[in-house]
Amino acid sequence: MKTQGQAPLWEALLNYRQQRMGSWHTPGHKDGAYTWPEWRELLGPALALDQTEVPGLDNLAHPSGAIAAAQERAARFYGAARTFFLVNGASVGLMAVILATCRPGDEVLLPRYAHRAVFNALILSGARPVYLETPWLEAPGLPLGVPPASLAAALQGHPGARLLLLVHPTYEGIVPRTGELVALAHDRGLPVLVDAAHGAHFGLDPALPLSPLDLGADFVVQSTHKTMGALTQAAMLHLREEDPAAGVAAALNLLQTTSPSYILMASLDLARLLAEERGRQDWGRAVARALTVRERLAQAGLPPLTATAVTGPAASGLDVTRLVLPVTALALGSGQAAAAALRRAGQEVELAGAGYVLFIITPGDGEEKIGALLTALLSLPRPAGGVISGRKFAPPAEIPEVALTPREAWLAPHRELPLKEAAGRIAAELIAPCPPGIALVAPGEVMTPAVLDRLQAVRGPAGRVVVVDE
């Protein structure tokens, strides 16, 4: 085909497929010839796109051709100095930045609700976490974000901190005061890594929050597959400035697979092209539909979480396409019960918390599908007296005492104990049940009776935990 340069990697793949080269290399399924018959029948020609680093298709570890061109187009579209394609999810982007910027003993400022990949990066790098105070919204039970005052205090108390990590937005779509937080960090010369896994679509409509790159963040990780049409596991890492000393690129090569999926990478190329050519139009339509759903639910006595409810010292607003429906207006005991009822009605939620259910609306959700969701939601049982007032959901337990860094705890000898025998012992594993995804205990922390009570509620009376073998 004649290339247009609009999606360089996708076009390179199509051109290579048309050459019909005899394959004497990996992958072993040989363009789908050696796969399970039903799999081959279902995927058909797409299997021929599952290629390896042959001439013309570039190399993710050291890109100089089609992959490099695709990444450069993504960087221009998102406003980055450099963009990396990720095939191990957003997790590998978070881990690479922390590994590239931190050394053993360095302090990283972060909220407790950071993704488990961040804790994995602390283990790999040897860095020490410093947790930022995070207000909690008791109804429906979720974190609000990091207040600038909390960060200012942490910067004062930890002047040698090496990195600030923020989450923009939270899983539930709440957006912190990222611009203010970035400015505070930069005033101290502290670089900022933003986990924007759930915000790859930000900035594509005036009703959506701004991208962290537009707010000055130095490193931004996006899960392109979560909202933007790429395939699961495909993500991007954006750098505001060129990679200093090629440290991030080296860390990615250390962490990512040496056999990256060309189908995943091509899906990133095409997701960027789709956003570039139709993103504003498509997301304008998705925003309008999300606002309609919100209005219909509010009119029916099922009000979703609103920006008014979260905006304050810790948060500047929320993503309207991320629909959080509290269970206070339902005659159901929990978000899990609501999710089960919706599943029986043919509707699968994104997340079921103790006090809410979460839905994601994207341009892929048409009017008919939206109508089916509304019908299912409006059919859920209601309490006889209307909204159940006073229902609150307590935050996770207090942060335990830290005895070891996560790396020290991970590398120490350890063994598994029943929860009833673990009081006062040092945890050797991360336990962060999702929802809400907030660490109950992290490696290196001393397990208190309060923490163990929470763990027993999660793991049951016969539950066990991995501890440092002292």
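Please determine whether any residue of segment 313-320 is in contact with a Lys or Arg (Cβ under 9 Å, 6 or more places away or on another chain), polar (S, T, N, Q) and at pLDDT below 95. No, because not a single residue in segment 313-320 is in contact with a Lys or Arg (Cβ under 9 Å, 6 or more places away or on another chain), polar (S, T, N, Q) and at pLDDT below 95.
Here Leu268 fulfils each of the conditions (1) part of a helix (DSSP H, G or I); (2) surrounded by fewer than 23 Cβ atoms within 10 Å (Cβ to Cβ); (3) in contact (Cβ under 8 Å) with a residue 24 or more places away in the chain apart from (2).
Going through segment 261-315 one residue at a time, which ones are among the β-branched types (Val, Ile, Thr) and closer than 29 Å to Asp58 by Cβ? Show your work before the answer.
Residues of segment 261-315 among the β-branched types (Val, Ile, Thr): 263, 287, 292-293, 306, 308, 310-311.
Matches in segment 261-315: Ile263 only.
Give me the residue from segment 251-263 that is surrounded by 23 or more Cβ atoms within 10 Å (Cβ to Cβ) and among the hydrophobic types (A, V, I, L, M, F, W, C) and, out of that set, farthest from Asn15 (Cα to Cα).
Here the answer is Ala251.
The listed residues are Ala384, Ala397, and the only one of them that is farther than 16 Å from Val467 by Cβ, touching a residue at least 40 places away in the same chain (Cβ under 8 Å) and touching a Lys or Arg at 6+ places or on another chain (Cβ under 8 Å) turns out to be Ala397. If a residue has to be within 19 Å of Ile361 (Cα to Cα), touching a helix residue (DSSP H, G or I) at 6+ places or on another chain (Cβ under 9 Å) and not charged (D, E, K, R) to count, how many in segment 291-326 make the cut? Matching residues across segment 291-326 total 14. Here the helices (runs of 4 or more DSSP H) wholly within segment 1-103 that include at least 2 residues being within 31 Å of the chain's Cα centre (by Cα) and without any contact (Cβ under 8 Å) to a residue 12 or more places away in the chain are 37-43, 66-78. Across segment 35-47, the qualifying residues are those that are in contact with a helix residue (DSSP H, G or I) (Cβ under 9 Å, 6 or more places away or on another chain) and more than 19 Å from Ser267 (Cβ to Cβ), and the one among them that is surrounded by the most Cβ atoms within 10 Å (Cβ to Cβ) is Thr35.
Return a yes/no flag: does segment 368-382 have any residue that is β-branched (Val, Ile, Thr), farther than 30 Å from Pro135 by Cβ and modelled with pLDDT of 95 or more. Before you say what the answer is, go through the steps one by one.
So in segment 368-382, the residues β-branched (Val, Ile, Thr) come out as 370, 375.
When the remaining residues are screened for being farther than 30 Å from Pro135 by Cβ, the result is 370, 375.
Okay, now just the ones that are also modelled with pLDDT of 95 or more, so 370, 375.
Yes, some residue in segment 368-382 is β-branched (Val, Ile, Thr), farther than 30 Å from Pro135 by Cβ and modelled with pLDDT of 95 or more.
Could you run through segment 286-303 and say how many residues are touching a residue at least 40 places away in the same chain (Cβ under 8 Å) and surrounded by fewer than 17 Cβ atoms within 10 Å (Cβ to Cβ)? Lay out the reasoning, then the answer.
First pass over segment 286-303, keeping only residues touching a residue at least 40 places away in the same chain (Cβ under 8 Å): 286-287, 289-293, 296-297, 300-302.
Then keep just the ones that are surrounded by fewer than 17 Cβ atoms within 10 Å (Cβ to Cβ); that gives 291-292, 296, 300-301.
Matching residues across segment 286-303 total 5.
Per the conditions (1) surrounded by 18 or more Cβ atoms within 10 Å (Cβ to Cβ); (2) in a loop (DSSP other than H, G, I, E, B); (3) in contact with a helix residue (DSSP H, G or I) (Cβ under 8 Å, 6 or more places away or on another chain), the sole criterion not satisfied by Val108 is (2).
From the list Pro140, Pro129, which residue is more than 16 Å from the chain's Cα centre (by Cα), assigned to a strand (DSSP E or B) and either free of Cβ contacts under 8 Å to residues at least 12 places away in the same chain or outside the structural domain of Ala314 (by TED's automatic domain parsing) (or both)? So that I can check it myself, show each step before the final result.
On the way: Pro140 fails: assigned to a strand (DSSP E or B).
After applying the criteria, what remains is Pro129.
Within segment 144-156, the set of residues being touching a residue at least 40 places away in the same chain (Cβ under 8 Å) and either surrounded by fewer than 20 Cβ atoms within 10 Å (Cβ to Cβ) or more than 21 Å from Glu107 (Cβ to Cβ) (or both) comprises Leu144, Pro148, Ala149, Leu155. Please work out if Asp31 is surrounded by 16 or more Cβ atoms within 10 Å (Cβ to Cβ) and farther than 19 Å from Phe85 by Cβ. Answer is yes for this residue.
Please report, ordered by residue number, the helices (runs of 4 or more DSSP H) entirely within segment 158-256 with at least 3 residues that are under 18 Å from Ala127 (Cβ atoms) and either of a type in the set (Asp, Glu) or in the same structural domain as Pro143 (by TED's automatic domain parsing) (or both). Step through it out loud before you land on a result.
On the way: elements: 178-187, 224-227, 247-255.
Qualifying helices (runs of 4 or more DSSP H): 247-255.
Contact map, segment 362-378: residues that are assigned by TED's automatic domain parsing to the domain that holds Gly301 paired with residues that are buried (at least 16 other Cβ atoms within 10 Å of the Cβ) and of a type in the set (Phe, Trp, Tyr), Cβ distance under 8 Å, separation 6+ or inter-chain. Pairs shown: Pro363/Trp283; Leu373/Phe359. Listed by position, the helices (runs of 4 or more DSSP H) contained in segment 349-462 that have at least 2 residues being among the acidic types (Asp, Glu) are 367-378. Can you say whether Leu374 is more than 24 Å from the chain's Cα centre (by Cα) and surrounded by fewer than 18 Cβ atoms within 10 Å (Cβ to Cβ), as far as the supplied structure shows? Judged against the criteria, Leu374 is a match. Filter segment 317-370 down to residues that are buried (at least 19 other Cβ atoms within 10 Å of the Cβ) and of a type in the set (Ser, Thr, Tyr) and give me whichever is nearest to Ser211 (Cα to Cα). So, considering only residues that are buried (at least 19 other Cβ atoms within 10 Å of the Cβ) and of a type in the set (Ser, Thr, Tyr), the one nearest to Ser211 (Cα to Cα) is Thr321.
The values are calculated or read from the model by the stated rules, or taken from the named source; none is laboratory data. The shown structure was predicted, so the numbers you read here are calculated from the model rather than taken from an experiment. When we count neighbours, we look across all protein chains shown, and the Cβ atoms used for this are built from the backbone with ideal geometry, even at glycine.
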